[in-house]
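Enquirer: If you scroll down you'll find the structure; I have some questions about it.
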Amino acid sequence: MVFEEKTIMHGEPDDEEEEEEEQEMVDPIETVRQTCAETEHCVQTREHLEQCETRVGSRSSTQENCTEELFDFLHARDHCVAHKLFHSVK
């Protein structure tokens, strides 16, 4: 009983409050990335990436990889994220 009173007096949250706080926290960059990935420009670059992956995957021996297409997609998505992310951060 004394320990419980000290815990409450010192303002330490109990286990249930800690779990609630952890569940509520969502990284805003993940939601913004999902939103940006659905924009027209990002969809086009993702389609180019998927076409490249299909093409490379269908060949048994090739030196081609999809690094350029991957970087194009990530650049387009991150460009969109950069403009939207800091408006949602406190």
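Read-outs: derived from the displayed coordinates by stated rules, not from any lab. Just so we're clear, the structure is a prediction, and the values are computed from it rather than from any experiment. Here the Cβ is made from the backbone with ideal geometry for all residues, glycine too, and neighbour counts use every protein chain on show.
Enquirer: Can you tell me which of 57-64, 75-82 comes out highest on packing, and rank the rest after it, using the mean Cβ neighbours within 10 Å?
Expert: With the highest mean Cβ count within 10 Å placed first, the list reads 75-82, 57-64.
Enquirer: Nearest 0.05, what FRET efficiency do THR54 and HIS75 give at R0 = 25 Å with Cβ-Cβ as r?
Expert: Working: r = 21 Å, r/R0 = 0.85.
In this case the efficiency is close to 0.75.
Enquirer: So what is the relative contact order for the stretch 41-90, in percent, with contacts set as C-alpha pairs under 8 Å and at least six apart? Before the final figure, lay out the partial values.
Expert: Numbers: 25 pairs, mean separation 21.0, N = 50.
Across the stretch 41-90, relative contact order equals 42 percent.
Enquirer: How long is the stretch 24-90 along each principal axis, judged by its Cα atoms, biggest number first, in Å?
Expert: 50, 24, 16
Enquirer: Using the Cβ atoms and a cut-off under 14 Å, what net charge is assigned to the surroundings of VAL81, where Lys and Arg are +1 and Asp and Glu are -1?
Expert: With Lys, Arg at +1 and Asp, Glu at -1, the net is -1.
Enquirer: Then there is this: Work through the residues other than VAL56 whose Cβ is under 14 Å from its Cβ and net out their charges, Lys, Arg +1 and Asp, Glu -1.
Expert: -3
Enquirer: With a point put 7 Å past each Cα toward its Cβ, work out how far HIS87 is from GLU38 in nm, to one decimal.
Expert: 1.6
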